[in-house]
Ligand code: SF4
Ligand SMILES: [Zn+2]
């Protein structure tokens, strides 16, 4: 914290999603193509936030879960594996994510800004009703817009 109360993390940053302009690649269910898309997610500066948005979105309704196809935050959906396998994977992923979040929450002071530098103020903060976690509204909007754009361009 500097004397003006501005943290380093609060500095405005523009992080570019690695899926930008790669609609076909991220929609593809070709195993080779989707493997490459997942490797881009692994290197993406927005992965952490993107994964949280995705898990929330998938957790929000069965319709969302049924609709999702293609690669999103390091996972490929709608591929040939059985529904049961997919449910299993989702359960494991959700359990792991919530354990990781709980661990983080217990050890870290609350952040004042999201990973992209948007403030966690009253207007920009969404409290997930299920998990009680704070989320950046700006980032949530951007993430679902990206996903919708990929869907409609497909
Ligand atoms: S889907 Fe998410 S993690 Fe993957 S490249 Fe796009 S923004 Fe990054
Ligand atoms: Zn944000």
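Rule-based calculations on the coordinates, nothing more; no lab input. All of these numbers come straight from a predicted model, not from anything done at the bench. Don't worry about glycine lacking a Cβ; one is built from the backbone with ideal geometry, like all the others, and counts go over all protein chains shown.
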* residue 121/residue 25 FRET efficiency (R0 35 Å; Cβ-Cβ; nearest 0.05) -> 0.45
* Structure fact -> Most packed first (mean Cβ within 10 Å per residue), the peptides 30-40, 68-78 order as 68-78, 30-40
* Rounded to the nearest whole Å³, what is the per residue volume of the convex hull around the Cα atoms of the chain? -> 122 Å³
* Per 5 Å bin from zero, what fraction in whole % of the C-alpha pairs of the range 104-154 is there, up to the bin with the longest pair? -> 5, 19, 22, 23, 15, 9, 5, 2, 1
* **the chain - mean residue ellipticity at 222 nm from DSSP helices (-39,500 (n - 2.57) per run, n ≥ 4, rounded to 500)** => -16500 deg cm²/dmol
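Relative contact order, percent, of the range 16-153 when contacts are C-alpha pairs under 8 Å separated by at least 6 residues? Display every interim value, and only then the final one.
Numbers: 122 pairs, mean separation 28.9, N = 138.
Relative contact order here is 21 percent.
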